[in-house]
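Contents: one structure, followed by commentary.
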Amino acid sequence: MPDDSSESSLSAPPRLGALFGNFFMVGVLGFGGVLPLARRMIVEQRRWLSPAEFNDVLSLCQFLPGANIVNVSVSLGGRWHGPLGALAAIAGLLAAPIGIVIALGAVYLRYRDVAPVAHGFAGLAAAASGLVLATALRIASPLRTRPRAMLVAAVALGALALLRLPMLPVLLVLVPASIALNRREA
């Protein structure tokens with residue numbers, strides 16, 4: 001497997017059709033866990049971004065309102081092809097999931113009192129949690145050689161997961177702190 005940490009091994013920016021098609025496949029295959037598949041497609045398979053670049057884009061997109069992966073698709077599509085690229089990427093990402101959600105919603109409304117259906121929907125939550133955890137570990141991987149970045153990540157985890165503090169105040173404190181720490185590290 002090629003070393004995807006080198007920016008010199010990155011592919012050329014995708015064309016509009018490739019943006020739509022690849023984000024469509026992420027939307028189809030990643031139902032319930034799109035971010036792990038999107039990262040794999042963008043960083044490992046297509047090599048459109050390095051792991052560090054993906055983390056930078058994702059960090060910005062997590063800070064913005066809305067769904068992270070939607071923000072990532074709009075950001076990358078816009079980066080390479082302006083508004084038309086943003087539209088192609090988001091349309092590809094959302095086309096299949098919208099249809100699937102409508103179909104599953106109809107199934108759930110009709111059969112929600114049937115035990116296997118109820119248990120199946122409960123099991124989906126556990127699988128989605130595992131996907132999120134696996135992605136978090138992959139995203140944190142480039143930070144393991146940067147102790148100050150790991151400290152910020154640990155403080156964020158403690159504040160959000162353990163202390164259950166609201167995200168916006170935590171970000172308003174940690175973003176400037178992280179910037180200051182990174183300035184010293186660079």
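I want to confirm something. Restricting to region 118-140 and keeping residues that are more than 19 Å from residue 69 (Cβ to Cβ) and modelled with pLDDT of 85 or more, which single residue is surrounded by the most Cβ atoms within 10 Å (Cβ to Cβ)?
120
Given the criteria more than 20 Å from residue 39 (Cα to Cα) and outside the structural domain of residue 30 (by TED's automatic domain parsing), does residue 160 qualify?
So residue 160 passes the test.
What's the number of the only condition in (1) in contact with a Leu (Cβ under 9 Å, 6 or more places away or on another chain); (2) of a type outside the set (Val, Ile, Thr); (3) assigned by TED's automatic domain parsing to the domain that holds residue 60 that residue 167 fails to meet?
(3)
Of the conditions (1) without any contact (Cβ under 8 Å) to a residue 60 or more places away in the chain; (2) charged (D, E, K, R); (3) surrounded by 14 or more Cβ atoms within 10 Å (Cβ to Cβ), residue 39 clears all except one; give me its number.
(1)
Determine if region 169-176 includes at least one residue that is within 18 Å of residue 59 (Cβ to Cβ) and either touching a His at 6+ places or on another chain (Cβ under 6 Å) or not hydrophobic (A, V, I, L, M, F, W, C) (or both). Explain how you work it out, then say what you get.
Applying the first criterion (within 18 Å of residue 59 (Cβ to Cβ)) to region 169-176 yields 169-176.
Imposing the further condition that a residue be either touching a His at 6+ places or on another chain (Cβ under 6 Å) or not hydrophobic (A, V, I, L, M, F, W, C) (or both) reduces the set to 169, 176.
Yes, region 169-176 has at least one match.
Could you count how many residues in region 155-186 are charged (D, E, K, R) and not in a helix (DSSP H, G or I)?
Of the residues in that region, 1 qualify.
Mind checking whether some residue in region 108-122 is assigned to a helix (DSSP H, G or I) and within 20 Å of the chain's Cα centre (by Cα)?
no
Scan region 52-74 for residues that are touching a residue at least 12 places away in the same chain (Cβ under 8 Å), buried (at least 19 other Cβ atoms within 10 Å of the Cβ) and closer than 21 Å to residue 29 by Cβ and jot them down.
54, 58, 61, 69, 72, 73, 74
Quick check: is even one residue across region 111-128 of a type in the set (Gly, Ala, Ser), in contact (Cβ under 8 Å) with a residue 24 or more places away in the chain, assigned by TED's automatic domain parsing to the domain that holds residue 34 and under 24 Å from residue 54 (Cβ atoms)?
Yes, region 111-128 contains a residue that is of a type in the set (Gly, Ala, Ser), in contact (Cβ under 8 Å) with a residue 24 or more places away in the chain, assigned by TED's automatic domain parsing to the domain that holds residue 34 and under 24 Å from residue 54 (Cβ atoms).
The values are calculated or read from the model by the stated rules, or taken from the named source; none is laboratory data. Only a predicted model underlies this, so the values are computations on that prediction, with no experimental measurement involved. When we count neighbours, we look across all protein chains shown, and the Cβ atoms used for this are built from the backbone with ideal geometry, even at glycine.
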